[in-house]
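K.L.:
The structure's right below; bear with me while I get my questions together.
The values are calculated or read from the model by the stated rules, or taken from the named source; none is laboratory data. Keep in mind the model is a prediction, meaning the values are calculated, not measured. Virtual Cβ from ideal backbone geometry, glycine too; neighbours counted across all protein chains shown.
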Amino acid sequence: MKHDANAIRRDQGKLPMHASLPIEVMMQEASGELSVTQYTNGGPHGGPMIEALGLQKRYADTWAVKGVDLQVQPGEIFGFLGPNGAGKTTTIKMLVGLLRPSQGIARIDSYDIQRDPLAAKARIGYVPDQPYLPEKLTAREFLSFTAGLYQLDRKTARHRGEELLKVFDLQDRGDELIGGYSHGMRQKTALAGALLHNPKAFFLDEPTVGLDPRSASLIKVILREVAERGTAVFMSTHILEIAERMCDRVAIINGGQVIAIGTMNELRAGQGDVSLEDIFLKLTGGAEEAQLAAALD
Ligand SMILES: Nc1ncnc2c1ncn2[C@@H]1O[C@H](COP(=O)(O)OP(=O)(O)OP(=O)(O)O)[C@@H](O)[C@H]1O
Ligand SMILES: [Mg+2]
């Protein structure tokens, strides 16, 4: 079936407008420790929305991340690329406050995630590479539960939940247990949950893994829409075509260090009309393997 981008755009224009919070912040919110509106209605900052300053992470003898510096502006889609084990997930986990850096600082909207975690996390939406979802809930129940933690009123919660189920093509399956969902359906349910509110810094770790082309395309449209509302989108991906087509800037990380960062034009500088794949393979030492593979063909 031909993909109807306009239909997606129409549905997508109705996405709910509130911020997505990590579960621990939602729990604090639900217990009255934190007012979401206190932190999410436009900060006083106006600088980069996401900032890494010399981030490092060490596990025993392994330096998973050796010093990452980067900034992502509001409204920007930033692609984070690198080979397996390069340090992408570790960097993202430090940026969203799930891992304490061995060195360095992560800031969200100028709030230091370690020193001011509630304010920083209140602005964050995060879809991990393997999202945790309650198997014994239906998607509708999950969205309702999530909305409850956000303290959305029941009517608004139901309305937004239905919109999101529709956007993600889950409306007809929304009363089935998540335990019986396919990988892609789970991924879309996690995205819907993360979009019940409008995060100012939206992190996605490999968002298109296992998605069919239509769902992957839908996510591209949704991320662009989210960015157009002023959210900084930080996305790790192995799919270079996606990064090339949809990211405003990309960083390539290898061995725990950022080895290139910029727009596609900046990365291409002086190299002619090369693809991101060419640049990636050259920088990450994969060019020889590519030549070898070509020779074996
Ligand atoms: N909990 C941990 N304990 C020890 N080492 C870890 C731990 N988590 C990650 N590492 C190591 O840190 C390095 C970076 O891992 P990370 O998961 O950040 O890579 P990645 O770029 O996300 O890779 P992939 O593309 O495969 O998802 C790897 O060498 C990994 O083995
Ligand atoms: Mg990873």
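K.L.:
Quick one: Arg100 ticks every box in (1) within 27 Å of Ile252 (Cα to Cα); (2) loosely packed, with under 15 Cβ neighbours inside 10 Å; (3) without any contact (Cβ under 8 Å) to a residue 12 or more places away in the chain except a single one, so which number is it?
P.N.:
Condition (3) is where Arg100 drops out.
K.L.:
Quick one: in the range 202-221, of everything that is in contact with a Ser or Thr (Cβ under 7 Å, 6 or more places away or on another chain) and more than 16 Å from ligand 2 (Cβ to nearest atom), which residue is farthest from Glu76 (Cα to Cα)?
P.N.:
Among those residues, the one meeting the criterion is Ala216.
K.L.:
Starting from the range 38-65, keep only residues that are more than 12 Å from ligand 1 (Cβ to nearest atom) and modelled with pLDDT under 95, then list their pairs with residues that are part of a strand (DSSP E or B) and not basic (Lys, Arg) whose Cβ atoms are within a distance under 9 Å, requiring at least 6 positions of separation or different chains.
P.N.:
Tyr39/Tyr111; Gly43/Tyr111; His45/Tyr111; Gly47/Gln71
K.L.:
Within the range 144-174, how many residues are part of a helix (DSSP H, G or I) and over 24 Å from Lys220 (Cβ atoms)?
P.N.:
Total satisfying the criteria: 11.
K.L.:
Please determine whether any residue of the range 120-132 is among the small types (Gly, Ala, Ser), out of contact with any Leu (no Cβ under 9 Å at 6 or more places or on another chain) and either without any contact (Cβ under 8 Å) to a residue 40 or more places away in the chain or more than 27 Å from Tyr181 (Cβ to Cβ) (or both).
P.N.:
The answer is yes, given that some residue of the range 120-132 is among the small types (Gly, Ala, Ser), out of contact with any Leu (no Cβ under 9 Å at 6 or more places or on another chain) and either without any contact (Cβ under 8 Å) to a residue 40 or more places away in the chain or more than 27 Å from Tyr181 (Cβ to Cβ) (or both).
K.L.:
Okay, next question. Report, by residue number, each residue of the range 225-258 that is surrounded by fewer than 16 Cβ atoms within 10 Å (Cβ to Cβ) and either in a helix (DSSP H, G or I) or not assigned by TED's automatic domain parsing to the domain that holds Leu211 (or both).
P.N.:
Within the range 225-258, Glu228, Glu241, Arg245 qualify.
K.L.:
If you don't mind, another one. Of all residues in the range 191-224 being assigned to a loop (DSSP other than H, G, I, E, B) and of a type in the set (A, V, I, L, M, F, W, C), which is nearest to Asp129 (Cα to Cα)?
P.N.:
Val209
K.L.:
Going by the structure shown, is Ile261 assigned to a strand (DSSP E or B), out of contact with any Phe, Trp or Tyr (no Cβ under 8 Å at 6 or more places or on another chain), under 20 Å from Phe202 (Cβ atoms) and modelled with pLDDT of 90 or more?
P.N.:
yes
K.L.:
Hey, does the range 126-133 have a residue that's modelled with pLDDT of 95 or more, surrounded by fewer than 16 Cβ atoms within 10 Å (Cβ to Cβ) and either within 16 Å of ligand 1 (Cβ to nearest atom) or within 27 Å of Leu281 (Cβ to Cβ) (or both)?
P.N.:
No: the range 126-133 contains no residue that is modelled with pLDDT of 95 or more, surrounded by fewer than 16 Cβ atoms within 10 Å (Cβ to Cβ) and either within 16 Å of ligand 1 (Cβ to nearest atom) or within 27 Å of Leu281 (Cβ to Cβ) (or both).
K.L.:
Moving on to the next point. Across the range 69-97, which residue is surrounded by the most Cβ atoms within 10 Å (Cβ to Cβ) among those that are within 16 Å of Lys121 (Cβ to Cβ) and within 12 Å of ligand 2 (Cβ to nearest atom)?
P.N.:
So the residue we want is Ile92.
K.L.:
Inspect all residues belonging to the range 165-185 and state whether any of them is buried (at least 21 other Cβ atoms within 10 Å of the Cβ), more than 17 Å from Phe142 (Cβ to Cβ) and assigned by TED's automatic domain parsing to the domain that holds Arg123.
P.N.:
no
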